[in-house]
Each structure stands twice: as C-alpha cells, then as structure tokens.
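What follows is one structure encoded as structure tokens, with my remarks underneath.
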Amino acid sequence: MKVFRDSRWILVALVLVCGFGLQGARAADSTSLKTLTSEELVRALQHPHAKPLLFHVGSHMLYLQAHIPGSEYLGAGSTEQGIQNLRRRVGGLPKSTAIVLYCGCCPWSHCPNVNPPYETLQQMGFTNVKVLYLANNFGADWVDKGYPVAKGE
C-alpha cells in the first residue's frame, strides 16, 4: 500500500491528526485499557459467528486510505461528534456486545482518539470492549504486516 509507505505524506497526516487541535485529549495508556494485539484480532475475525464490532475512531483521512475490512468509521474519538456517533451506534445493543476500537494515527503513547470512546462505552455499561494495540501506527502495525485492508468508505 503505497500511501502508507510514503513517509512524507503520512508524516504530514500524523502531525495534523495528532498534533493540532486536540488539547485536553489524553493519549492511550495500555495500563487502563483492555487491549488485544493485531494477531489476536486477526484470529478473532476468522470466526464467522463471534466477530466483534470494529469501530475506527481515528481520522477520516486515515480510514479512507486503509482500514480493517468490516470496520465502521464513527469519527475521531477525541471529538464530541465522534462520541455522539458512538453513543448513537451502540445505543440499542446488548451491553455484552464484543466491541473493538482502533485508531492507529500515531504511536500508542500519543494517540488522543481511543481513551474517550473506551471510557464512554465503559460508562454506558458495555462489558466486552477492547482496544487494538498498535504500538507505532496502523501502517506499520497492520498494513505492513500484510493483514487485510480495505480502502475508501
């Protein structure tokens, strides 16, 4: 996937997504979130009857470039609109629904987009929520490893 391998382009996207306009958003902290690895998610997605709901909570630009097939774009998790979209989407679901959130905009320790939706789902009573742990970014930790990718909407 050439878009992710063009380091100049992705660097600009990461600076825009992670560096501006997100004051107050907290970076991901793996000690407070239930996580799963890319390998664990790939295995989970191979079970046709037990697939989790996948919600991309990063930037729309990155979702358009590449996302996990079957995942839904809800908006950036660090924005009020993204949280409202999440609340609407899960409003009628059973609280035990398996949900996986992911972003991948930047290194895990700097991601502003996974904590707010994770906390929102916890506050709503959801009990089976995990965050896909992407140490570096979606390109390096998913795309470059050859895992399934979809483009566009």
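The values are calculated or read from the model by the stated rules, or taken from the named source; none is laboratory data. Computed from a prediction, not measured in an experiment: that's the story for all the values here. Positions of Cβ are backbone-derived with ideal geometry, glycine not excepted, and every protein chain shown enters the neighbour counts.
Given the conditions (1) under 27 Å from P48 (Cβ atoms); (2) crowded, with 24+ Cβ neighbours inside 10 Å, report the number of the one that A98 does not fulfil.
(2) is the only condition that A98 fails.
Given the conditions (1) over 13 Å from H56 (Cα atoms); (2) in contact with a Gly (Cβ under 9 Å, 6 or more places away or on another chain), which single one is not true for C105?
So C105 meets the others, but not (1).
So is L93 surrounded by 19 or more Cβ atoms within 10 Å (Cβ to Cβ) and at pLDDT 95 or above or not? Please lay out each step first, then the result.
Values: surrounded by 19 or more Cβ atoms within 10 Å (Cβ to Cβ): no; at pLDDT 95 or above: yes.
Taking the combined requirement at face value, the residue does not satisfy it.
Could you grab me the full set of residues in segment 30-40 that are within 21 Å of P112 (Cβ to Cβ) and either in contact with a Gly (Cβ under 7 Å, 6 or more places away or on another chain) or part of a helix (DSSP H, G or I) (or both)?
S38, the sole residue that qualifies.
Go through segment 123-148 and give me each residue that's touching a strand residue (DSSP E or B) at 6+ places or on another chain (Cβ under 7 Å) and either farther than 15 Å from T37 by Cβ or not hydrophobic (A, V, I, L, M, F, W, C) (or both).
Those that are touching a strand residue (DSSP E or B) at 6+ places or on another chain (Cβ under 7 Å) and either farther than 15 Å from T37 by Cβ or not hydrophobic (A, V, I, L, M, F, W, C) (or both): F126, N128, V129, K130, Y133.
Which numbered condition in (1) in contact with a strand residue (DSSP E or B) (Cβ under 7 Å, 6 or more places away or on another chain); (2) farther than 21 Å from N136 by Cα; (3) crowded, with 17+ Cβ neighbours inside 10 Å is the only one that G70 fails?
Result: G70 passes all but (3).
Yes or no: N137 farther than 16 Å from L41 by Cβ, among the polar types (S, T, N, Q), surrounded by 14 or more Cβ atoms within 10 Å (Cβ to Cβ) and within 12 Å of the chain's Cα centre (by Cα)?
no
I'd like to check something: does segment 66-82 contain any residue that is among the aliphatic types (A, V, I, L, M) and within 20 Å of K34 (Cβ to Cβ)?
yes
Here is a yes/no grid of residues against (1) aliphatic (A, V, I, L, M); (2) surrounded by 13 or more Cβ atoms within 10 Å (Cβ to Cβ):
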{"position": "L36", "(1), (2)": "yes, yes"}
{"position": "A44", "(1), (2)": "yes, yes"}
{"position": "H47", "(1), (2)": "no, no"}
{"position": "F55", "(1), (2)": "no, yes"}
{"position": "P112", "(1), (2)": "no, yes"}
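Let me spell it out: the conditions are (1) modelled with pLDDT of 80 or more; (2) surrounded by 14 or more Cβ atoms within 10 Å (Cβ to Cβ); (3) within 14 Å of G139 (Cα to Cα), and M61 meets all of them except one. Which number is the exception?
Only one criterion in (1) modelled with pLDDT of 80 or more; (2) surrounded by 14 or more Cβ atoms within 10 Å (Cβ to Cβ); (3) within 14 Å of G139 (Cα to Cα) is unmet by M61, namely (2).
Filter segment 114-127 down to the residues that are surrounded by 15 or more Cβ atoms within 10 Å (Cβ to Cβ) and of a type outside the set (A, V, I, L, M, F, W, C) and list them by number. Give the steps one after another, and end with the answer.
To start, the set of residues in segment 114-127 that are surrounded by 15 or more Cβ atoms within 10 Å (Cβ to Cβ) comprises 114-121, 126.
Of everything in segment 114-127, those that are surrounded by 15 or more Cβ atoms within 10 Å (Cβ to Cβ) and of a type outside the set (A, V, I, L, M, F, W, C) turn out to be N115, P116, P117, Y118, E119, T120.
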